Amino acid sequence: MISDADAAALYDVLNPWDPDGYAGDRFYDDLLTRAESVLDVGCGTGAMLHWAREHGHAGRLVGLDPDVAALDRARRRGDVEWVEGRAADAPAGAGFALATMTGHAFQFLVTDHELRASLAAIHAALRPGGRFAFETRHPQARAWEQWNPSNAADIEALGRALRVWHEVESVRDGVVTFHGTLAEPDGTVLRVDRERLRFLDVAALDALLADAGFAIEARYGDWHHGPVTAASREIITVARAQAVSA
Ligand SMILES: C[S@@+](CC[C@H](N)C(=O)[O-])C[C@H]1O[C@@H](n2cnc3c(N)ncnc32)[C@H](O)[C@@H]1O
């Protein structure tokens, strides 16, 4: 078996945060550098905020995530605030300059209710004019078609050889349900995680953002600031919190 703590450690091996090596990480790091306070929603193991503090960010940094094992890893760094909770629990009136959802964490907001509650809470946690930056996979690219056992990867991690693969259970109403499996190299299963991810198109996303009081400041289809096109795999958004009128 693989414990939740080991799964969190494996996440960091498979998804290192490296703004010098990955354009997506650079995209967010540039935004963080210019923001005096940051709320990272769905922060997971906290790697982005660890990097920011390590590289000189002197302002308030807060990571929020419902996954206890991931947060335990995040807490290895004590000069960042770590809060257990969902996006919908983001603290109202906190006045953050920037909120982020990286690593496609936004897609974990599956139902319309959770999306609306989360966007409302993130809006309330920002100062007027504060930014919310996040990405979601563009449904037109049908990324889930690559999530099948024929794309299994053999890796060395947690001090052992492992085989990792994904398998889609269903694609329904914009929600992809799939399993992530960790196994011995011979296929003996060690751990299975079931996940559900929402895939929103641009129009549906923008309607939700507008309803929550956000205006789109910038929209990109790739990490080099290119526009969204018919070939884009990502919908990358920087939204601004509009002031709430009395
Ligand atoms: C793929 S990980 C991304 C972690 C991190 N942001 C990164 O870039 O590596 C997605 C994260 O979203 C978190 N998550 C799931 N549901 C959530 C919710 N309703 N609100 C906030 N975070 C959530 C998960 O616990 C997980 O840590």
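Quick one, what does Rg over Rh come out to for segment 90-186 if you take C-alpha atoms and the Kirkwood Rh?
Details: Rg = 17.8 Å, Rh = 16.1 Å.
Result for segment 90-186 is an Rg/Rh of 1.11.
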Rounded FRET efficiency, nearest 0.05, which uses the C-beta distance separating Leu190 from His225 and R0 of 45 Å: 0.65
Thr177 versus Gln146: modelled label distance in nm, points set 7 Å from Cα along the beta carbon direction: 2.5
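Against the 2.2 N^0.38 Å scaling, with N counting residues, where does segment 129-246 land? I'd like the Cα-based Rg ratio to two decimal places. Could you put the intermediate results ahead of the total?
Numbers: Rg = 18.4 Å, N = 118, 2.2 N^0.38 = 13.5 Å.
So segment 129-246 has a normalised radius of gyration of 1.36.
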Rounded tilt (10° steps) of 4-14 against the dominant C-alpha axis of the chain: 80
On Cα atoms only, tilt of 202-211 relative to the major axis of the chain in degrees: 50
Cα-based Rg and Dmax for segment 140-198, where Dmax is the largest Cα-Cα distance (Å): 12.6, 40
Degrees, to the nearest 10: 112-125 long Cα axis against longest axis of the chain: 50
Span from the segment 65-140 Cα centroid across to the segment 211-246 one, whole angstrom: 16
GNM flexibility winner over the chain from His113, His50, His104 (Cα, springs under 10 Å): His113
Evaluated at q = 0.15 Å⁻¹: base-10 log I(q)/I(0), Debye formula over Cα of the chain: -1.12
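What is the antiparallel percent of DSSP beta bridges lying wholly in the chain, to the nearest 5? Display every interim value, and only then the final one.
Details: 36 of 53 bridges.
Taking every DSSP beta bridge with both residues in the chain, the antiparallel ones total about 70 percent.
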Distance in nm between pseudo-label sites at Glu84 and Ala204 (7 Å out along the Cβ direction from Cα): 3.2
Among Asp154, Asp89, Asp79: highest mean-square fluctuation, GNM of the chain, C-alpha pairs under 10 Å: Asp154
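Where a number appears in this text, it was derived from the coordinates with a stated rule and is not lab data. Every value quoted in this text rests on a predicted model; they were computed, and no experiment measured them. Glycine also receives a Cβ, built like all others from the backbone with ideal geometry; neighbour counts cover every protein chain displayed.
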